[in-house]
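Accompanying notes for the structure given below.
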Amino acid sequence: MGTKFWVIRAAKVFTLVSILLFMIEILKGHETLSALGFALLWSFIATAIFIATRLYHSSKGRHCALCNDTPDDKKVS
């Protein structure tokens, strides 16, 4: 799992979390600019934690059955 894999993974997580948080903030009645700032900040924090956790477990050789991102899992699929 090279750098390209982690950049793509981070971009996907960041985008999905940003959209979700933005929609929730808009539904709660917050202003658009405020909702966007909130969504971008917290999606950055969540993405950083998610990627750091995945890198840590990957370096320890622990596989994630839900993520299906390990070489062994890809061969089985």
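Here's a check for you: in region 22-61, which residue that is loosely packed, with under 11 Cβ neighbours inside 10 Å, outside any loop (DSSP other than H, G, I, E, B) and of a type in the set (Gly, Ala, Ser) is nearest to the chain's Cα centre (by Cα)? Among residues in region 22-61 that are loosely packed, with under 11 Cβ neighbours inside 10 Å, outside any loop (DSSP other than H, G, I, E, B) and of a type in the set (Gly, Ala, Ser), the one nearest to the chain's Cα centre (by Cα) is 52.
Tally the residues that are over 22 Å from residue 50 (Cα atoms) and of a type in the set (Asp, Glu), restricting the search to region 1-34. Here the count works out to 1. Taking residue 10, is it in contact (Cβ under 8 Å) with a residue 40 or more places away in the chain and either surrounded by 12 or more Cβ atoms within 10 Å (Cβ to Cβ) or over 9 Å from the mean Cα position of the chain (by Cα) (or both)? The answer is yes for residue 10. Give the number of residues within region 36-46 that are within 13 Å of residue 13 (Cα to Cα) and in contact with a Ser or Thr (Cβ under 9 Å, 6 or more places away or on another chain). Qualifying residue count for the region: 5.
Every number in this text was worked out from the coordinates using simple rules, so none of it is lab data. This structure is a prediction, so every number in the text was calculated from the model and none was measured. Counting neighbours? That spans all protein chains shown, and the Cβs are built from the backbone with ideal geometry, glycine included.
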